[in-house]
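The values are calculated or read from the model by the stated rules, or taken from the named source; none is laboratory data. Treat the numbers as computed from the prediction; the structure is a model and nothing was measured. Neighbour counts are summed over all protein chains in view; Cβ atoms, including those assigned to glycine, are modelled from backbone coordinates with ideal geometry.
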Amino acid sequence: MPQNADHVLDHLELFRGPEYQQMLAEKKRLFENPKDPAEVERIREWAKTPEYREKNFAREALTVNPAKACQPLGAVFAAVGFEGTIPFVHGSQGCVAYYRSHFSRHFKEPSSCVSSSMTEDAAVFGGLNNMIDGLANTYAMYKPKMIAVSTTCMAEVIGDDLNAFIKTSKEKGSVPADFDVPFAHTPAFVGSHITGYDNVMKGILEHFWDGKAGTAPKLERQPNEKINFIGGFDGYTVGNIREIKRLFQVMGVEATILCDNSDVWDTPTDGEFRMYDGGTTLEDTANAVHAKATISMQEYCTEKTLALAANHGHQVAAFNHPVGVTSTDRFLMEVSRITGKAIPEELARERGRLVDAIADSSAHIHGKKFAIYGDPDLCLGLAAFLLELGAEPTHVLATNGSKAWAEKVQALFNSSPFGANCHVYPGKDLWHMRSLLFTEPVDFLIGNTYGKYLERDTGTPLIRIGFPVFDRHHHHRYPVWGYQGGLNVLVTILDKIFDEIDKNTNVPSKTDYSFDIIR
Amino acid sequence: MSVTKTHDIAEIKARNRALIQEVLEVYPEKTAKRRAKHLNVQEAGKSDCGVKSNIKSVPGVMTIRGCAYAGSKGVVWGPIKDMIHISHGPVGCGQYSWAARRNYYIGTTGIDTFVTMQFTTDFQEKDIVFGGDKKLAKVMDEIQELFPLNNGITVQSECPIGLIGDDIEAVSKAKSKEYEGKTIVPVRCEGFRGVSQSLGHHIANDAIRDWVFDKIPADAAPRFETTPYDVAIIGDYNIGGDAWSSRILLEEMGLRVIAQWSGDGSLAELEATPKAKLNVLHCYRSMNYISRHMEEKYGIPWCEYNFFGPSKIAESLRKIASYFDDKIKEGAERVIAKYQPLMDAVIAKYRPRLEGKTVMLFVGGLRPRHVIGAYEDLGMEVVGTGYEFGHNDDYQRTAQHYVKDGTLIYDDVTGYEFEKFVEKIQPDLVGSGIKEKYVFQKMGVPFRQMHSWDYSGPYHGYDGFAIFARDMDMAINAPIWKMAKTPWKNVPEQTLLAAE
């Protein structure tokens, strides 16, 4: 009996004892109808081969371990970035349980969201009554300032009309006639979570700017000197938005952060649960129409939203999740150009410190090969950073990346000698990545938590940067944008590199001559 | 810690009744009427908890429930390790449930086992418009080519499948024939069916009946010699290894476990189960259906048991043994005696730190009642409990065997209700899920996830109880909870605030 009260063994150790090992071996032998171990080994080896890779890449229908989620997740992400706003998802209720769990597992925070709880009768008759009752209940219970409505695939397949439903609900008194209920159709079978983010951002801005679904006059734009800033769907939103606010403050830029979830996903533990915290005020959201420009940090998260801003006469600028020296330079210089505010010496010094840090450490990164996967913009931002570190982003993969995105990544490769042997993989999944890592090995893999399965199978060390990260804590609290953020990413990469060197040089009298205390 | 602790039962009941009235006030009239039926204060001697259950959630209230797909793919089928479970429809459902339930298993993932992988047909608009049957058929072909050691395939339907009129049964039959009788199971667990995960469990059970049991040829050669002591563990999902720390006890008492449903389970084990002499059923809610079916069709009796905490474990071991001869009965006594010193040591260590602490629960299938005994073994008291997706038979079992007079009962609790109840009752610990965890921790209340064991476990069996006790202690007695209040802010005595 291995268990004892003084040193309680949990699953990490308990089952390794002989009692359990024998029990599990017998279970397998007698009852599981196991495959011949030699055959398992043969297939395991075969799955590493170029031949398997070819079959794997010939897949036309099956998706295995994708690196993307569905539109409604992005919809919820966008909605909670506004002051006092509760996302209301019209469709099946199980979806909402999933989004809330997903965000809570990443941010380690509550994630509030309601559903219209449509069931079979609603599938037949439509979900109008669910909308009428649901809005009334949400309004009464959770006292939001705004309810942002999006959809699940169920509501989309049966063709529920959000505009008409919300109008009817207001007529029935579910919420006051002038209460803000922006909406967006967010079918799960189109695009991915970044599309859902875009649709809801556009829906909310349209609501405030263009006459609240025909219930108010459209706002007349009276251009001012402010700029709008949109971060996009970002696992680092807490640290990043705060860092961006600091940068704008240092520069003296007056900006409206459209969708600011840096507070709602980082509330204090002090005895009070804050269902709502921070967020872009509704007033600022409306007034954002008057801005001279709208800047997006993630082009592929904001294609429709930026088009809307451009149609309202804004200058628009889109970046690709800028990480590192050059990308941050470009971002700040563009902000400076648009606002006419000079970049202060303070930021030049921050820049110099990042350059200094890279110079100190680049010998350890230079020439290393990396595989990256994640959302399209994040992949671009990280690949650009690796190139400026003298590393090679050998495989760059985005399950939700388009052909246009792939061309942009290729152009980035072409811009650097370190990009010469790099390839981009739009629309592929992590099972494709597995074949890539076996057939064209790299030194490190950068991706989200699911990458740990690739690390286990291929032995490629995983550096966790992306969304979701469930199995490491608190990294979302630190920025990856700005020079400060670039430093964080640099250190994250370096820590893994040094850990690997130590791990590979620690066998006494065999390899430990290289177990250096100075690196 | 509890500042509102009161020991007078009449007082507690009055407080709880007032509390129910108070939370109902927030709702529009129609909703208040509906929700009132789900909330109650337990009266001693009643045969159930006096609440309505297993009916539709009210729209817009923030129910904690999931869907039928979650009940089938996430709970029943997902852990069957040597089959590939296709999340059929858009990408999200499979993504959010990917490896999230900690169903432990032994195998070479991606080669002969597939639990922690996400296989999906990733529906696009054209699949909705033109139907997804052809894509599904092609997906099965590609699975056969790339994962040749899979022992079977299931099709876990997401919402659109039933709405666009796809015929997944026809695809499954055709492909099964093409692959020489391969087990391919279509499951109609679209998320809009039923009112919670619960119907998904039932549909998944029925799918095993129709597409696994009924497909076994009558003349199929047995894979092993049966013995008089063969049992199957039904309704244990091996979360953090629960089924393993249960199995070891059954085997130590002389029984032979021929199948695990479904944690660390395999298709061969499902197929062998009709040869069991007894089905032992842990999660009644999710697997009573197949147990009843096997009783009717194969004459296999089934026996509910509870492996949380030494009192219930001993009771259960004796109950299971009562179906067998003296050899097994003696075996049960031997097992109980063997672990007694461990249990004594665990209780001696932790009970003094936990004595008198109060707990509020809100969980899924069996835990709102099953874990009560384990808390009581540690001297703790469960003062409120409720089921996400329980039925009346769950509440009957709860009332008859578990909860005390005056316990607050809340079925399909809403976010608002749960916060208010905790704010007013001020328990020392809340046990619920990931969506609730941070809400209560922000309020300064210690919390343990009672679905995933908060990434710990196992909690089943004697080995598991030691972990359970350690975890409850570390939650309640963590120094951090004394630091939640800002010292320089002169606030009135401990008030836990829910969101307004």
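Laid out as a table, the results:
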quantity: Residues that are under 26 Å from B:Thr116 (Cα atoms) and either surrounded by fewer than 24 Cβ atoms within 10 Å (Cβ to Cβ) or more than 13 Å from the chain's Cα centre (by Cα) (or both), drawn from segment A:68-90; calculated: A:Pro72
quantity: Filter pass, B:Gly254 being within 23 Å of B:Gly200 (Cβ to Cβ), part of a loop (DSSP other than H, G, I, E, B), at pLDDT 95 or above and of a type in the set (Gly, Ala, Ser); calculated: no
quantity: Test for B:Ile239: is it free of Cβ contacts under 8 Å to residues at least 40 places away in the same chain, surrounded by 21 or more Cβ atoms within 10 Å (Cβ to Cβ) and within 14 Å of another protein chain (Cβ to nearest Cβ); calculated: no
quantity: Scope segment B:257-292; condition outside any helix (DSSP H, G or I), touching a Leu at 6+ places or on another chain (Cβ under 6 Å) and farther than 15 Å from A:Asn33 by Cα; matching residues; calculated: B:Cys283
quantity: Listing of helices (runs of 4 or more DSSP H) fully contained in segment A:9-67 that carry 2 or more residues being surrounded by 17 or more Cβ atoms within 10 Å (Cβ to Cβ) and within 7 Å of another protein chain (Cβ to nearest Cβ); calculated: A:11-14, A:18-31, A:37-46
quantity: Criterion (outside any strand (DSSP E or B), among the hydroxyl-bearing types (Ser, Thr, Tyr), crowded, with 21+ Cβ neighbours inside 10 Å and in contact with a strand residue (DSSP E or B) (Cβ under 9 Å, 6 or more places away or on another chain)) met by exactly one of B:Tyr375, B:Tyr350; calculated: B:Tyr375
quantity: Set B:Asp405, B:Asp463: member being acidic (Asp, Glu) and either within 11 Å of chain A (Cβ to nearest Cβ) or crowded, with 24+ Cβ neighbours inside 10 Å (or both); calculated: B:Asp463
quantity: First in segment B:445-462 and over 26 Å from B:Glu419 (Cβ atoms), second anywhere and at pLDDT 95 or above and hydroxyl-bearing (Ser, Thr, Tyr), Cβ under 6 Å, 6 or more apart; calculated: B:Pro458/B:Ser245; B:His460/B:Ser245; B:His460/B:Ser246; B:Gly461/B:Ser245; B:Gly461/B:Ser246; B:Tyr462/B:Tyr339
quantity: Where B:Pro79 falls short, out of the listed (1) more than 10 Å from chain A (Cβ to nearest Cβ); (2) surrounded by fewer than 21 Cβ atoms within 10 Å (Cβ to Cβ); calculated: (2)
quantity: Qualifying residue in segment A:169-187 (condition: facing chain B (nearest Cβ under 7 Å) and not in a strand (DSSP E or B)); calculated: no
quantity: Breaking point among (1) within 9 Å of chain A (Cβ to nearest Cβ); (2) under 20 Å from B:Leu270 (Cβ atoms); (3) surrounded by fewer than 23 Cβ atoms within 10 Å (Cβ to Cβ), for B:Leu146; calculated: (2)
quantity: Helices (runs of 4 or more DSSP H) wholly inside segment A:355-470 that include at least 1 residues being touching a Ser or Thr at 6+ places or on another chain (Cβ under 8 Å); calculated: A:376-388, A:430-439, A:451-458
quantity: Within segment B:149-168, tally of residues that are over 17 Å from A:Glu32 (Cβ atoms) and either more than 8 Å from every other protein chain (Cβ to nearest Cβ) or free of Cβ contacts under 8 Å to residues at least 60 places away in the same chain (or both); calculated: 13
quantity: The one condition in (1) hydrophobic (A, V, I, L, M, F, W, C); (2) part of a helix (DSSP H, G or I); (3) under 24 Å from B:His85 (Cβ atoms) that A:Phe77 fails to fulfil; calculated: (3)
quantity: Condition broken by A:Gln93, with the remaining ones in (1) surrounded by 24 or more Cβ atoms within 10 Å (Cβ to Cβ); (2) farther than 30 Å from A:His432 by Cβ; (3) more than 7 Å from chain B (Cβ to nearest Cβ) satisfied; calculated: (3)
quantity: Within segment A:416-467, tally of residues that are more than 16 Å from A:Asp375 (Cα to Cα), more than 12 Å from chain B (Cβ to nearest Cβ) and under 19 Å from the mean Cα position of the chain (by Cα); calculated: 1
quantity: Whichever residue in segment B:432-460 is touching an Asp or Glu at 6+ places or on another chain (Cβ under 6 Å) and more than 9 Å from chain A (Cβ to nearest Cβ) and, among such residues, is surrounded by the fewest Cβ atoms within 10 Å (Cβ to Cβ); calculated: B:Arg448
quantity: Counted residues, segment B:175-188 - those being farther than 21 Å from B:Ser266 by Cβ and either assigned to a loop (DSSP other than H, G, I, E, B) or touching a strand residue (DSSP E or B) at 6+ places or on another chain (Cβ under 9 Å) (or both); calculated: 1
quantity: Residue count for segment B:22-53, restricted to those that are hydrophobic (A, V, I, L, M, F, W, C) and either assigned to a strand (DSSP E or B) or surrounded by fewer than 18 Cβ atoms within 10 Å (Cβ to Cβ) (or both); calculated: 6
quantity: In segment B:202-245, the residues that are in contact with an Asp or Glu (Cβ under 6 Å, 6 or more places away or on another chain) and part of a helix (DSSP H, G or I); calculated: B:Asp242, B:Ala243, B:Ser245
